[in-house]
Amino acid sequence: MPSDPRTLFHQGTATEVQELMTTDIVAVRRTDTVRDALTQLIREHVNAVAVTDGADEFAGIVTAADLIRTVLDTEAVLDSDYPHYDDCLWAVDLIQQRLGTDPVTRVMSDILVTIRPETSMHHAACIMLNHHVHHLPVVDHHGKLVGMLSASDFLRLTAGIRPGRDETDS
């Protein structure tokens with residue numbers, strides 16, 4: 001007879017983050033543009049990209065939610081009683097700046113909640129819940145980004161799928 005599912009899940013949450021995190025990190029540099037981040041999100045089919053400085057140290061994260069917020073903020077400005085609203089070129093310029101040429105640092109979340117590779121999945125889940133985030137950058141003791149943990153990794157844990165295994169094999 002199979003083990004109690006609660007026991008199996010509890011054993012799984014003792015798993016270390018490094019066993020389930022993504023090590024093929026999708027990232028942009030802090031000097032890149034919002035368009036660069038958008039391009040990476042779409043090309044890599046992810047919901048977040050890490051932002052790093054020149055030394056590959058974690059500097060922030062850009063999530064799909066951050067970009068949605070930027071779109072809504074831009075729309076609010078366009079809908080406002082701003083005196084230049086009738087100037088179409090001004091509106092086009094605003095959209096191109098906010099969603100194109102503005103630096104990624106303008107939209108990134110720079111709340112630096114990170115975890116270490118040896119952190120337990122249970123502790124990582126508590127951090128994600130307490131901080132209301134779906135992604136946690138994983139850094140080594142020097143602050144270098146070594147992985148990314150996402151809510152999807154918890155689905156893999158629950159399904160018993162380890163990285164590198166095809167999800168359809170289960």
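Screening the range 54-76 for residues that are touching a Ser or Thr at 6+ places or on another chain (Cβ under 9 Å), under 22 Å from Ser150 (Cα atoms) and not in a helix (DSSP H, G or I) and picking the one that is modelled with the lowest pLDDT gives Phe58. Within the range 30-44, does at least one residue satisfy the condition of being closer than 15 Å to Pro137 by Cα and modelled with pLDDT of 90 or more? The answer is no; no qualifying residue exists. Restricting attention to the range 27-59, the residues being at positive phi and in contact with a Lys or Arg (Cβ under 8 Å, 6 or more places away or on another chain) number 1.
Taking every residue in the range 45-64 that is more than 20 Å from His141 (Cβ to Cβ) and pairing it with any residue that is charged (D, E, K, R) and surrounded by 14 or more Cβ atoms within 10 Å (Cβ to Cβ), at least 6 positions away or on another chain, the pairs with Cβ-Cβ distances below 7 Å are Val51/Arg30. Each residue in the range 102-121 was checked for being assigned to a strand (DSSP E or B), within 16 Å of the chain's Cα centre (by Cα) and either small (Gly, Ala, Ser) or under 14 Å from Ala48 (Cα atoms) (or both), and 1 of them qualify.
The values are calculated or read from the model by the stated rules, or taken from the named source; none is laboratory data. Please read all numbers here as calculations on a predicted model, not as lab measurements. Please note: Cβ atoms are built from the backbone with ideal geometry, for glycine as well, and neighbour counts cover all protein chains shown.
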